[in-house]
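Nothing in this text is a laboratory measurement; each read-out follows from the coordinates by a stated rule. All figures in this text were calculated on a predicted structure; none of them were measured in a lab. All Cβ positions, glycine included, derive from the backbone under ideal geometry; neighbour counts span all protein chains shown.
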Amino acid sequence: MFARGKELQRMFLQCGPRRGFANKAVFDIEPCQLHGLETGPSTRTTLTRTDALTYFTMMSEMREIGNVANILFNQNLIRGFLHLCPGMEAVRAGVEAAITQEDIVVGTYRIHGWAYARGITVEQILGEFLGKSTGCSKGKGGAMHLYSKNLFGGNGIIGATVPLGTGVGFAMKYNKKPNVSVSTYGEGAANQGQIFEAFNMAKLWNLPCIYHCDNNVYSISTKAERVTASTDFYSRGDYIPGLMIIPLSMFSYVYHSSSF
Ligand SMILES: Cc1ncc(C[n+]2csc(CCOP(=O)(O)OP(=O)(O)O)c2C)c(N)n1
Ligand SMILES: [Mg+2]
C-alpha cells in the first residue's frame, strides 16, 4: 500500500512537464491572525507540481499508517493507548517542509505523522506501535513514544513537551547551533503553568524555539471554551510573537506560514 504511493509519485515525477498540466499553481490565502507582529506571511503562495506530489504522498501515507494502526488496535495487537491524527496531516507535512533535518521536533502522543515526516519508516513506526524490537524506540516505547535523533518523543505527559523543547532550544543556543526546536502541544494542555514558565525563559534568553499549539478544539471530551479563558492560543505567549494558521488548511498555507 505504501510502496504504491511512492511508486505513483516516482511515475508522476518521471513524466516531467506534461501538456495541459500546470507545473505550479499560485494560491491566494487568508491572512493569518497576528500577535506582536506588524506584518505576517504574504497572502499569496506558489506550490510547484513536485512539492504538491511529494507532500500529498506524505500526507496520504500518514493517513494510511493511521488507518492500519486503527485496525491493529481494534485487534488488540497494539497495547495501551493509540492517539491518531486524522485531518492534522497537512500541519505535520507543512511544518516539516519549513524546517531542516537538524532541527528538532518534540511531539505529543499524536506522534506518528510527525515521525513519518521526520523520516522514520513505516516499518519502524508500526513496529514500535506493536512493541517489536524493529520499532524506532526498539519496542520499549509503544504507540505514544516514537523517538529518533531529531524527534524527542512522542510524550504522554501533556504540556511537558514545552519545557522539554525549551531545553532543546537552550542546548542549541549554548552549542551555537543554527537550528530551532519545535515543541507541539494541544490546546487542552495550554493552560498549564509549566508552559508559561518555559515561555518566560525562552523570551528572557532569546532561545530558538517555536511553540506549536495543535488546537483541535477538544481535550478528550472537554470543549476548549469550557476550560480556557482565552482561546486565542496564538497570543497566549504574551511577549512571544504568534500566528494563528487556519486549522486543517492545505499544505502550502501551513508551509508558507511556518517558514515565515
Ligand atoms: C499532565 C497530564 N495530565 C493529564 C493527562 C491525561 N490526558 C491525556 S490526553 C488529555 C487531553 C489533552 O488534550 P489536548 O492537549 O487538547 O490534546 P489532544 O489530545 O486534543 O491532541 C489529558 C488530560 C496527561 N496525559 N498528562
Ligand atoms: Mg485538543
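For V227 and E64 in one chain, what is 0.36 nm times their gap in residues minus the Cα-Cα distance, to one decimal in nm?
Between V227 and E64, full extension yields an extra 55.4 nm.
Would you mind putting 93-104, 43-54, 157-168, 132-143 in packing order, based on average other-beta-carbon counts within 10 Å, highest first?
With the highest mean Cβ count within 10 Å placed first, the list reads 157-168, 93-104, 132-143, 43-54.
How do M88, M244 line up, fewest other C-beta atoms within 10 Å first?
Result, fewest neighbours first: M244, M88.
222 nm [θ] for the chain, helices only, -39500 (n - 2.57) per DSSP H run of 4+, per residue, to 500?
Helix contribution divided over all residues of the chain: -12500 deg cm²/dmol.
Which value in Å is the Kirkwood Rh of the range 133-247 over different Cα pairs?
15.2 Å
If you take all C-alpha pairs in the chain, what percent of them are over 23 Å apart?
Every Cα pair in the chain considered, those over 23 Å come to 54 percent.
Counting Lys and Arg as +1 and Asp and Glu as -1, each charge on the Cβ, what is the dipole of the chain about the Cα centre in debye, to the nearest 20?
700 debye
Assuming 0.36 nm per residue, please report the length gained on full extension of the stretch Y218 to N206 beyond their Cα-Cα distance.
1.2 nm
Expressed as a rounded percentage, what relative contact order does the chain have, with Cα pairs under 8 Å and six or more residues apart?
Here the relative contact order equals 21 percent.
State, to one decimal in nm, how far the label point of D51 lies from the label point of T39, with both points 7 Å from Cα in the Cβ direction.
1.9 nm
Output the Kirkwood hydrodynamic radius of the range 109-157, Cα pairs only, in Å rounded to one decimal.
Hydrodynamic radius (Kirkwood, Cα pairs) of the range 109-157 is 9.9 Å.
Fewest first, what order do Y255, Y185 take by the number of other Cβ atoms within 10 Å?
With the fewest neighbours first, Y255, Y185 line up as Y255, Y185.
List the lysines whose alpha-carbon lies under 26 Å from that of K132, not counting same-chain residues fewer than 8 positions away?
K6, K140, K149
Once phi is turned into ³J(HN,Hα) by the Karplus curve 6.51 cos²θ - 1.76 cosθ + 1.60 with θ = phi - 60°, what whole-Hz value does each residue of the range 48-55 show in order, with x for glycine and proline?
Once rounded to whole Hz, the list reads 7, 4, 4, 5, 4, 5, 4, 7.
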